[in-house]
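Worksheet: one structure, shown below.
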Amino acid sequence: MKLKTPKSSFSTFFDKEIDIELSRLKKENLYRLLRTIDGPQSSKVKIKGKSFILLSSNNYLGLINHPYIKRKSADALKKYGTGSGSSRLISGNTALYDKLEKKIAAFKGCESSLVFSSGYAANVGTISALADKGDIIFSDELNHASIIDGSRLSGAKIFVYPHNDIEVLERSLKKSAKYKKRLIITDSIFSMDGDLADLPEIVRIAEKYNAILMVDDAHATGVLGKKGRGSAEYFNINGKIDVYMGTLSKAIGSVGGFICGSGKLTEYLINKSRSFIYSTGLPPAALAASLAAFEIIEKDLSFKERLWENVSFLKNGLDELGYDTMNTKTQIIPVLLKSEKRTLKAMNYLYEKGIFLPGIRPPTVPQGKSRLRATVMATHSKIDLEHVLDLFRKMKRVL
Ligand code: PLP
């Protein structure tokens, strides 16, 4: 017998609201849908049986499918089971956490590190624990949503400075003496534009005005710097970042987020960060995968080197074709198409031809700045990337 769900007048009203909003999104080319990938994330993926070149993964070094990492992860699964069973402060703090946190702290050149269940949780839980009413946060206008959400949750005054505008940042810090604490928070690699924060200047300002500096290295860990250790290594500012955040979900190829800094900072976060305290620990297999990925990155720089060769090849090719790749300096290569309609058209054109490259539209980027956001991987072959460039050349005729 089919059961009928009784509808209250509230839910009928709610359904109508949802319908109106969804049709607005469709009309304005802002509607989103999930595409399901079958099989592992690598430079090529299968969707509904068809093969695609994947140009939108954060698996920058291609480590998700690395045999050694998979073996270490499978060993942990066998030894510890599938989950950690509770939050870390209750009984979910498996032995692998300790090893991983020591490894991350050494890799990033910090005294201590603390692993959260995601990068999102690390940012939200850390910012809201560090800042409060009476404090002020200086936040780059292109910072990631998790920084925005954490800042809002903190109750501190938020000053959003124009993207990378050091003059405005300094001028506003000068006028902020009435606040108890001052935090400057910035992405190192900006996630939608692929450009870099001017960290040496930001460090100078933070020191001059006695502000706490927090840097989100989500896209830089494993990628930037001679040994892939991130933005502090790249800019030679080791020890100058007070709160150094990163994720295990991108180049590291697993899941989780982390905060590096002093032992006092991580001790404080264990006691005060709500996203840390009130969330279940990560599965041991994920921790083991992260640990093994750091081992590989430390031993073998060839993944990073291949990534950067591919970045130059694709970026130069797109520039030569006359596409606007904005001010990117990294593996995140935006192709600015401005209108949502053009972006959707380009995305569908490429999808039909076997390239999986979703467009980025508002609210992720501002109105009129819609784009394709290509992300390069170490495992893309030259033939793959030549094929991509050939399609971009042909696409100019239809856009
Ligand atoms: N910070 C930045 C700059 C990001 O791009 C992301 C992920 O998209 C995050 C934080 C959140 O990381 P995670 O996906 O591990 O939650």
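The values are calculated or read from the model by the stated rules, or taken from the named source; none is laboratory data. Fair warning: this is a prediction, and the values are worked out from it, not measured in the lab. All Cβ positions, even for glycine, are placed from backbone atoms using ideal geometry, and neighbour counts span all protein chains on display.
Given the condition closer than 30 Å to Lys299 by Cβ, assigned to a helix (DSSP H, G or I), within 14 Å of the ligand (Cβ to nearest atom) and in the same structural domain as Leu196 (by TED's automatic domain parsing), answer yes or no: does some residue in the range 97-104 qualify?
Yes, that holds for at least one residue.
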Let me spell it out: the conditions are (1) within 18 Å of the chain's Cα centre (by Cα); (2) within 18 Å of Gly109 (Cβ to Cβ); (3) more than 16 Å from the ligand (Cβ to nearest atom), and Leu307 meets all of them except one. Which number is the exception?
(2)
Can you tell me which condition Arg35 does not meet? The list is (1) crowded, with 16+ Cβ neighbours inside 10 Å; (2) part of a loop (DSSP other than H, G, I, E, B); (3) under 22 Å from the mean Cα position of the chain (by Cα), and all the others hold.
(1)
Can Asp149 be described as among the charged types (D, E, K, R), part of a helix (DSSP H, G or I) and more than 10 Å from the ligand (Cβ to nearest atom)?
yes
Exactly one of (1) more than 30 Å from Ala76 (Cα to Cα); (2) within 21 Å of the chain's Cα centre (by Cα); (3) buried (at least 17 other Cβ atoms within 10 Å of the Cβ) is unmet by Pro362. Its number?
(3)
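Any idea how many residues of the range 158-174 are in contact with a helix residue (DSSP H, G or I) (Cβ under 8 Å, 6 or more places away or on another chain) and in contact (Cβ under 8 Å) with a residue 24 or more places away in the chain?
Of all residues in the range 158-174, those in contact with a helix residue (DSSP H, G or I) (Cβ under 8 Å, 6 or more places away or on another chain) come to 158-159, 161-162, 166, 169-170, 173.
If we keep only those that are in contact (Cβ under 8 Å) with a residue 24 or more places away in the chain as well, we get 166, 169-170, 173.
Qualifying residue count for the region: 4.
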Of the residues in the range 158-198 that are of a type in the set (Ser, Thr, Tyr) and more than 16 Å from the ligand (Cβ to nearest atom), the one that is surrounded by the most Cβ atoms within 10 Å (Cβ to Cβ) is Tyr161
Filter the range 136-146 for residues that are in contact with a Phe, Trp or Tyr (Cβ under 6 Å, 6 or more places away or on another chain) and away from the ligand (no atom under 12 Å from the Cβ); the one that is nearest to Tyr179 (Cα to Cα) is Ile136
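For Lys44, state whether it is farther than 13 Å from Thr379 by Cα and either basic (Lys, Arg) or modelled with pLDDT under 95 (or both). Spell out how you get there, then give the answer.
On the way: farther than 13 Å from Thr379 by Cα: no; either basic (Lys, Arg) or modelled with pLDDT under 95 (or both): yes.
No.
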If I filter the range 72-86 for residues that are basic (Lys, Arg), surrounded by 14 or more Cβ atoms within 10 Å (Cβ to Cβ) and more than 24 Å from the chain's Cα centre (by Cα), do I get at least one hit?
yes
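Got a sec? Which of Ser42, Ser91, Ser51, Ser87 is assigned by TED's automatic domain parsing to the domain that holds Val215, of a type in the set (S, T, N, Q) and in contact (Cβ under 8 Å) with a residue 12 or more places away in the chain? Steps first, please.
Numbers: Ser42 fails: assigned by TED's automatic domain parsing to the domain that holds Val215; Ser91 fails: in contact (Cβ under 8 Å) with a residue 12 or more places away in the chain; Ser51 fails: assigned by TED's automatic domain parsing to the domain that holds Val215.
Just one listed residue meets the conditions, Ser87.
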Out of (1) more than 27 Å from Ser231 (Cα to Cα); (2) among the small types (Gly, Ala, Ser); (3) assigned by TED's automatic domain parsing to the domain that holds Val243, what's the single condition that is false for Ser339?
(3)
Please state which of the following conditions Val124 fails to meet, knowing it meets all the rest: (1) away from the ligand (no atom under 16 Å from the Cβ); (2) of a type outside the set (Gly, Ala, Ser); (3) closer than 30 Å to Ala286 by Cα.
(1)
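Every residue, every condition in (1) hydrophobic (A, V, I, L, M, F, W, C); (2) surrounded by 13 or more Cβ atoms within 10 Å (Cβ to Cβ); (3) in contact (Cβ under 8 Å) with a residue 12 or more places away in the chain, yes or no:
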residue: Leu287; (1), (2), (3): yes, yes, yes
residue: Phe294; (1), (2), (3): yes, yes, yes
residue: Lys304; (1), (2), (3): no, yes, yes
residue: Leu336; (1), (2), (3): yes, yes, yes
residue: Leu350; (1), (2), (3): yes, yes, yes
residue: Phe356; (1), (2), (3): yes, yes, yes
residue: Pro366; (1), (2), (3): no, no, no
residue: Lys369; (1), (2), (3): no, yes, yes
residue: Val398; (1), (2), (3): yes, no, yes
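Being surrounded by 20 or more Cβ atoms within 10 Å (Cβ to Cβ), out of contact with any strand residue (DSSP E or B) (no Cβ under 9 Å at 6 or more places or on another chain) and in contact (Cβ under 8 Å) with a residue 12 or more places away in the chain is the requirement here; does Gly155 meet it? Working first, answer last.
Values: surrounded by 20 or more Cβ atoms within 10 Å (Cβ to Cβ): no; out of contact with any strand residue (DSSP E or B) (no Cβ under 9 Å at 6 or more places or on another chain): yes; in contact (Cβ under 8 Å) with a residue 12 or more places away in the chain: yes.
No.
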